[in-house]
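The values are calculated or read from the model by the stated rules, or taken from the named source; none is laboratory data. Note that the coordinates shown come from a computational prediction; the quantities given were computed from them, not determined experimentally. Backbone-built Cβ (ideal geometry, glycine too); neighbour counts: all protein chains shown.
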Amino acid sequence: MGLWDKIKGEFIDIIEWLDASSDTMVHRFERHENEIKNGAKLTVRESQVAVFINEGQLADVFKPGMYTLTTENLPILSTLKGWKYGFNSPFKAEVYFVNTKQFTDLKWGTPNPIMLRDAEFGPIRIRAFGNYSMRVVDAAKFIREVVGTDGNFTSDKITDQLKNLVVTRFTDAVGESKIPVLDMAANYNEFSKFVETQLKPEFQEYGIDLTKLLVSNISLPPNVEEALDKRSTLGIMGGIGQYTQVQTADAILAAANNPSSGGMAGAGMGMGMGMSMGSTMMGAMNQAQQPQQQQGAGAPPPLVQFFLVLNGQQAGPFDMNGLKQHVAGGQLTPETLVWKNGLANWIPASQVVELASLFQTPPPIAPPVPPVG
């Protein structure tokens, strides 16, 4: 080998890119003045594509493999450069390596709640979250449409735009489906497939393939979730009556553990608060049931029953006969706290009109009348 051949061999470049990151989609191979020597070695690894650009024009694209750059494997660049009989001197060109691996677990979510009209709840807001995967399938189009001259293009530079597409198509899918909110959890797969099908053509406009899209969560506002939890609790406990008793017991326990509540009066107020919630709900149910009760002609009026606070505990319910027995036994006095359906709080028995007659003092026995004549 002559001296010139030896020196010439030292000028042969090796063009390659080893990706040390997990989010780089496009990397520009940096050269001093972008000069590439004749016979340079180009190494394109699996999940890569190399794109040559000459003076702003996209030229040749190389798939995975090892190449010795000549006019034979640079046909477009040879035409642009005017190489009719081969080239021997260095030339200037930009080389972009495009990462074609799958970029997975990319997050998407609704930045603002989606307004819907639900058949059961009426107007309601929901949020949705999920993830998707993508990869570049047309490197030339991706560089033309998205990357431009960016020498280090990462996935986060395009995910905002893609997330907006996902949210828009998901919102359309949910609005058109007319699926009740409580049934949406059973349709995550259907939503995912529908949105993925709608989005694939739009991703392809950027040279990207949407490989997977998933809806992982659809949630309601916190106040609506709290109301649903209460409804579920009511159903599990077997109805409004049991719910009221539990609420009352919780109120008594809280009052008993709070020294500042004022002892018995605090317990009474606590029970009143617990019972008032139940009375409101029971009132609503009673109004709904009134048409059914009125179907029978001459139906008797509803029985009025009272609850009492006896020895610091709730007792009852008692009808008027039961109350009379407690008055006779001395357990029910005018100061005893009582409650019935319709009262907002526990109040002394003397303040209840229906019970006033129980505490009236009977008139003294009339003296005997002397006989006439």
Practice item. Return a yes/no flag: does segment 174-197 have any residue that is within 16 Å of the chain's Cα centre (by Cα), among the small types (G, A, S), buried (at least 19 other Cβ atoms within 10 Å of the Cβ) and part of a helix (DSSP H, G or I). Key: yes
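Looking at segment 132-147, can you tell me whether even one residue there is under 19 Å from Y188 (Cβ atoms) and either of a type outside the set (A, V, I, L, M) or not assigned by TED's automatic domain parsing to the domain that holds P180 (or both)?
Initial filter on segment 132-147 (under 19 Å from Y188 (Cβ atoms)): 132-133.
So of that shortlist, the ones also either of a type outside the set (A, V, I, L, M) or not assigned by TED's automatic domain parsing to the domain that holds P180 (or both) come out as 132-133.
Among the residues of segment 132-147, at least one is under 19 Å from Y188 (Cβ atoms) and either of a type outside the set (A, V, I, L, M) or not assigned by TED's automatic domain parsing to the domain that holds P180 (or both), which makes the answer yes.
Please report, ordered by residue number, the strands (runs of 3 or more DSSP E) entirely within segment 64-143 with at least 1 residues that are closer than 26 Å to L18 by Cβ and of a type in the set (K, R).
On the way: elements: 65-68, 94-99, 103-109, 114-118, 122-136.
So the answer is 122-136.
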Review point. From the list E33, E72, which residue is at pLDDT below 90, surrounded by fewer than 14 Cβ atoms within 10 Å (Cβ to Cβ) and in contact with a strand residue (DSSP E or B) (Cβ under 8 Å, 6 or more places away or on another chain)?
Key: E33
Check your understanding: Assuming E46 fulfils every condition listed in (1) surrounded by fewer than 18 Cβ atoms within 10 Å (Cβ to Cβ); (2) in a loop (DSSP other than H, G, I, E, B); (3) at pLDDT below 90; (4) not small (G, A, S) apart from one, which condition is it?
Key -> (3)
Point to revise | Which listed residue is within 23 Å of the chain's Cα centre (by Cα) and exposed (fewer than 15 other Cβ atoms within 10 Å of the Cβ), from A128, A119 | key: A119
Review point. Of all residues in segment 49-65 being closer than 16 Å to K37 by Cα and of a type outside the set (V, I, T), which is farthest from the chain's Cα centre (by Cα)?
Key: N54
Check your understanding: Identify, please: which residue in segment 343-357 is of a type outside the set (G, A, S) and within 48 Å of the chain's Cα centre (by Cα) and is, among those, surrounded by the fewest Cβ atoms within 10 Å (Cβ to Cβ)?
Key -> N345
Review point. Restricting the search to segment 327-342, which residues are surrounded by 14 or more Cβ atoms within 10 Å (Cβ to Cβ) and more than 18 Å from S357 (Cβ to Cβ)?
Key: L337, W339, N341
Check your understanding: farther than 23 Å from E196 by Cβ and touching an Asp or Glu at 6+ places or on another chain (Cβ under 9 Å) - does that describe any residue in segment 105-123?
Key -> no
Practice item. Give the number of residues within segment 1-28 that are modelled with pLDDT of 90 or more, crowded, with 17+ Cβ neighbours inside 10 Å and of a type outside the set (V, I, T). Key: 4
